[in-house]
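No lab work stands behind these numbers, since they all come straight from the coordinates. Bear in mind that the values here come from a model prediction, so they are computed numbers and not experimental data. All Cβ positions, glycine included, derive from the backbone under ideal geometry; neighbour counts span all protein chains shown.
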Amino acid sequence: MHVAALDLNVLGANGIVGAGVGIATGAGFSAKLRNDETIGIAFFGDGSVNEGSFHEALNMAGLWRLPIVYVCENNQYGLSASVSESSAVPQLSRRAASYGIPGITIDGNDVEAVYTAVLEAVSQARRGEGPTFIEALTYRWGDHSMRGNLPRYRTHDEEHTWITKDPIAQLERILTGRGVSLEALGSIREAVEQELSEAEAFAKSSPEPDPSVLESAVYAPHIAAREPEGIGEREIGFVQALNEALSLEMERDEQVVLFGEDVGKIGGIFGVSTGLLDRFGPERVRDTPISEAGIAGLGVGAALTGMRPVIEVQFFDFVTLMMDMIVNQAAKLRFMLGGTAKVPLVVRGPQGAGIRMAAQHSQCLETWFTQVPGLMVVAPSTPYDAKGLLATAIREDNPVVFLEHKLLYLTGKGPVPEGTYAIPFGKATVRRRGKDVTIVATQAMVPRAITAANDLARDGIDAEVIDPRTLWPLDEDAILTSVRKTHRLVIAHEAPVQHGFGAELASLVQERAFDWLDAPILRVGAPRIPMPYNDALERYVIPSAQRIAEAARRSCEGLEA
Ligand SMILES: Cc1ncc(C[n+]2csc(CCOP(=O)(O)OP(=O)(O)O)c2C)c(N)n1
Ligand SMILES: [Mg+2]
């Protein structure tokens with residue numbers, strides 16, 4: 001699975017059936033943007049053609065005439081299921097027609113037929129005439145994997161028939177018919193066998209790796225960022241701040257591309273990319289079909305091949321449809337390839353409740369990502385942070401999940417420098433200094449925590465409000481330092497309390513600052529209820545400033561004023 005050679009543009013085999021089709025399509029997308037001779041070629045099995053990611057990728061490739069060749073090795077079986085048991089259409093190449101892609105079926109055991117078909121498809125892609133789908137009929141002699149304990153699912157007769165069509169033996173017959181000597185063929189065979197046995201011997205004689213290699217393979221070196229000296233007086237909103245970051249980064253680096261649903265013509269449904277299509281053109285700011293898995297595949301493939309894609313998830317709830325690409329691909333590829341690959345992908349979009357978008361458009365999903373090694377997770381709460389952290393996210397060579405809270409899109413303006421700047425990841429901000437209780441709050445809970453703190457001040461309780469800004473990397477020191485000073489901790493986030501981000505913070509503090517605590521750590525979050533549509537019910541579920549203040553008061557019970 002981990003076989004790749006990035007220096008040769010071999011992007012690797014994939015443990016997830018069908019995923020390579022999406023990634024290769026992203027590579028084709030990069031090639032089209034660069035407008036060079038490179039094309040993408042995807043090799044995959046007959047099993048892949050039933051995965052949604054396959055269809056989404058082919059639709060985009062057909063739509064945008066991407067330079068790519070799809071080679072389906074139809075070896076008649078997935079694991080045990082045959083093609084006739086898996087596909088309503090027996091001839092898999094016919095599926096390409098749905099996407100405006102020419103599809104052909106060839107004898108995959110005939111080396112010359114494969115060569116000719118691929119050559120033509122490659123030239124077509126290079127001429128700008130778009131993708132081709134080649135179905136190469138062949139057979140898998142052995143079992144699916146080395147697991148030898150599976151019951152038999154094929155007849156000996158069937159296996160035997162295909163063994164007589166051995167492509168290598170067939171090619172040897174053709175070559176001898178054309179005058180190539182048996183001796184010459186023998187020496188090719190010998191050279192191949194020697195290469196294989198040398199590789200095997202090399203593998204066997206290589207030392208086992210030391211665990212110290214592990215950690216450095218997870219993340220590419222982080223960029224050095226420094227906050228600006230002064231913020232200045234100009235005030236803008238969250239949406240404009242994000243828009244400026246996108247615009248400035250696209251200006252700064254032409255590898256930065258933005259795509260997603262409705263991001264171009266209308267500038268995204270919350271207006272974050274307003275004006276970018278006009279400024280940077282349809283190649284770099286691209287409206288996509290409604291096709292989350294396809295968008296994410298394109299993003300991973302483009303990021304692996306030199307682009308810096310920013311993809312928009314229209315509502316973060318839809319990220320469920322992108323999960324394979326984010327969690328299994330973007331987060332893992334560098335590690336799986338021995339710490340060599342860079343996946344500079346930003347997956348950004350709105351999450352959270354407060355504008356009556358109900359259960360499937362309002363969730364806060366940060367913990368789905370903070371738990372995944374390989375990802376960085378950013379959650380700004382002010383326009384200043386939104387701009388500077390998005391710039392950092394785009395410049396990072398690692399995949400970043402950039403969570404924008406949609407309520408913050410609509411709330412107040414804040415001071416933001418006009419020029420470009422990047423805020424380092426892993427640096428929390430103290431939003432309000434205090435000595436009696438620490439409130440760690442994220443995103444839309446930050447302004448509520450400040451309101452709560454102002455309310456608490458009237459009762460003589462001096463709360464410190466900390467905004468982590470990035471959830472991974474997490475500024476553990478800032479939180480620990482504050483708790484060691486105040487001896488009390490309340491954590492506020494909008495997602496449900498149980499198994500939420502707060503559980504991680506509570507754990508961190510009890511492990512590293514237990515002796516400083518004078519009260520139990522309290523968490524404020526939503527009850528375990530999906531976000532309701534009704535206004536009053538939505539208000540009931542979203543944690544309020546009042547609930548944060550109540551928790552802080554409870555934490556401070558017995559504290560001498
Ligand atoms: C998404 C996903 N589902 C299931 C599996 C388990 N699995 C691994 S290979 C395989 C069969 C794949 O068949 P095919 O695509 O025809 O490839 P072949 O091995 O025949 O070349 C299965 C079911 C997987 N790795 N990924
Ligand atoms: Mg197969």
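What to note about this one:
- Gain in span if fully extended, L196 to F318, counting 0.36 nm per residue against the direct Cα distance: 39.3 nm
- Counting only the Cα atoms, the stretch 487-547 fills a convex hull of 69 Å³ per residue.
- Radius 15 Å from Cβ of G500, net charge of other residues (Lys, Arg +1; Asp, Glu -1): 0
- Shown here is the pair-distance distribution of the stretch 1-147: with all Cα-Cα distances grouped in 10 Å bins from zero up to the longest one, the shares run 12, 43, 37, 8, 0 percent.
- Local net charge near T105, Cβ-Cβ under 15 Å (Lys/Arg +1, Asp/Glu -1): -4
- Relative to one another, the C-alpha centroids of the stretch 127-166 and the stretch 471-517 are positioned 54 Å apart.
- Radius, Kirkwood style, for the chain when every pair of distinct Cα atoms is counted (Å): 26.2 Å
- As computed over the stretch 240-415, the Cα convex hull volume per residue (Å³): 101 Å³
- GluC sites (Glu not before Pro) restricted to DSSP loop in the stretch 26-58 with at most 15 other C-beta within 10 Å: E37
- Listed residues P520, N75, I479: farthest to the positive end of the dipole of the chain (Cβ charges): P520
- Applying the Karplus relation 6.51 cos²θ - 1.76 cosθ + 1.60 with θ = phi - 60° to the stretch 344-361 yields 3J(HN,Hα) values of x, 10, 10, 10, 10, x, x, 10, x, 10, x, 10, 6, 9, 6, 5, 9, 9 Hz, where x marks Gly and Pro.
- For the chain, adding -39500 (n - 2.57) for each run of n ≥ 4 DSSP H residues and dividing by the number of residues yields -11500 deg cm²/dmol at 222 nm.
- Violating pairs (Cα-Cα greater than 30 angstrom) within the set K406/K485; K32/K332; K32/K413; K406/K427: K406/K485; K32/K413
- The amide H of K427, built 1.01 Å from its N in the peptide plane, has T470 as neighbours under 5 Å, considering only residues 5 or more places off or on other chains.
- Protection-proxy order for peptides 27-35, 189-197, 302-310, 533-541, each taking the mean of Cβ atoms within 10 Å per residue, highest first: 302-310, 27-35, 533-541, 189-197
- Across all directions, the average projected area of the convex hull around the alpha carbons of the stretch 429-555 is 7.3 nm².
- Local electrostatic count, A478, Cβ distance below 13 Å [Lys/Arg +1, Asp/Glu -1]: +2
- Each residue of the stretch 510-520 was assigned a 3J(HN,Hα) from its phi angle through the Karplus curve 6.51 cos²θ - 1.76 cosθ + 1.60 (θ = phi - 60°); the sequence is 5, 6, 10, 9, 4, 5, 8, 6, 10, 8, x Hz, with glycine and proline shown as x.
- Mean projected area in nm² (Cα convex hull; one quarter of hull surface) for the stretch 79-181: 9.3 nm²
- The stretch 308-329 and the stretch 257-291 have Cα centres spaced 16 Å apart.
- In order along the stretch 217-223, the phi-based Karplus estimate (6.51 cos²θ - 1.76 cosθ + 1.60, θ = phi - 60°) of 3J(HN,Hα) comes to 8, 7, 10, 5, x, 7, 7 Hz; Gly and Pro are listed as x.
- Dipole in debye (nearest 20) - the chain, about Cα centre, beta carbon charges: Lys, Arg +1; Asp, Glu -1: 1340 debye
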